[in-house]
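This report concerns only the one structure given below.
The values are calculated or read from the model by the stated rules, or taken from the named source; none is laboratory data. In this text, all values refer to a predicted model and were calculated from it rather than measured experimentally. No Cβ is skipped: glycine too gets one built from the backbone with ideal geometry, and neighbour counts run over all protein chains shown.
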């Protein structure tokens, strides 16, 4: 069963009106939303750990993309371009509502163990499942301690599986800086994860 | 690099970051080392496996939330289109119901309006004309009279007084 989003519905008619212009990916905005919504939402959800805010910012990402579609010249992939918009929104949100954001996080943020419980288990052995779930929980705890930029780059690489060049294009950082942030993030996570693992054992 | 010289931290992270499909010479060189060095291979697996599980859990978690979000609906018409359709249907129904009544009432209304128009307008106009004429007549009388109205009793003071006296004396 196919699904459509309100954002897609909202712009369907306008997309038809724009059909006379040069062909762009936004000629079929419904398809763009369908193709990228989950990815954008997943990234925002993982960054904020607040499903409501993630949903709002996801909708806002596509709205902003539509409004500034003329600035998309295909220099990077559409996914990268949308990620850049989502990143800007995320930054605006965490900066302007920083206090409220942290207060909300403390009240509503999803617990790391809850996220870990979503781990699909290919192995049915109970002890293996428990260990994997615990490891993911520990990794989340380690990710929580990263700086905002490191966490963003880490999530883009290890959750969204973006290429380093794409991360550079989305964040506006040089490739060397992206690499350096990733190295630091991994070093931090490795250290924290080792500590937490030892503690757990 | 031999098996005793373990991977540097940077090389280790290069391997963690690299894609499985990456076939560059540098990465291939590091992979060759892993085949010879079980310690580095174990260290890499120690970090790689949780990272893979981390991604799987985030993906499943986001899928779960996304499916429960309001934006995910079946491919039925949008709520706006549905609402418009309902409003249109309601308007059509009201029209169908109201049309016979309107058609029935129309001649009567027109007749009433005609009657009202013909009754009220001439009467109002005639009363206005009469009023104007009366006013003009009064003005004419006032202007044409030799003695102004306030001085009328003085026109024939003797006659009037004499009459009065006469009548009084007769009484």
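When segment A:84-120 is filtered for residues that are part of a loop (DSSP other than H, G, I, E, B) and at pLDDT below 60, only A:109 remains.
Taking segment A:174-201 as the range and being more than 9 Å from every other protein chain (Cβ to nearest Cβ), surrounded by fewer than 18 Cβ atoms within 10 Å (Cβ to Cβ) and farther than 15 Å from residue A:144 by Cα as the test, the residues that pass are A:174, A:175, A:176, A:177, A:180, A:198, A:199, A:200, A:201.
Take the conditions (1) assigned to a helix (DSSP H, G or I); (2) modelled with pLDDT under 90; (3) within 51 Å of the chain's Cα centre (by Cα); residue B:59 misses just one of them, which is (2). Got a sec? Which of A:148, A:166 is surrounded by fewer than 16 Cβ atoms within 10 Å (Cβ to Cβ), touching a residue at least 24 places away in the same chain (Cβ under 8 Å), under 17 Å from the mean Cα position of the chain (by Cα) and more than 19 Å from residue B:52 (Cα to Cα)? One residue alone meets the criteria, A:148.
Can you confirm whether residue A:132 is within 14 Å of chain B (Cβ to nearest Cβ), modelled with pLDDT under 90, closer than 14 Å to residue B:55 by Cα and surrounded by 20 or more Cβ atoms within 10 Å (Cβ to Cβ)? Spell out the reasoning first.
Values: within 14 Å of chain B (Cβ to nearest Cβ): yes; modelled with pLDDT under 90: yes; closer than 14 Å to residue B:55 by Cα: yes; surrounded by 20 or more Cβ atoms within 10 Å (Cβ to Cβ): yes.
Criteria met by residue A:132.
Residues satisfying the criterion are absent from segment B:33-55 (criterion: without any contact (Cβ under 8 Å) to a residue 24 or more places away in the chain, over 27 Å from residue A:132 (Cβ atoms) and more than 9 Å from chain A (Cβ to nearest Cβ)).
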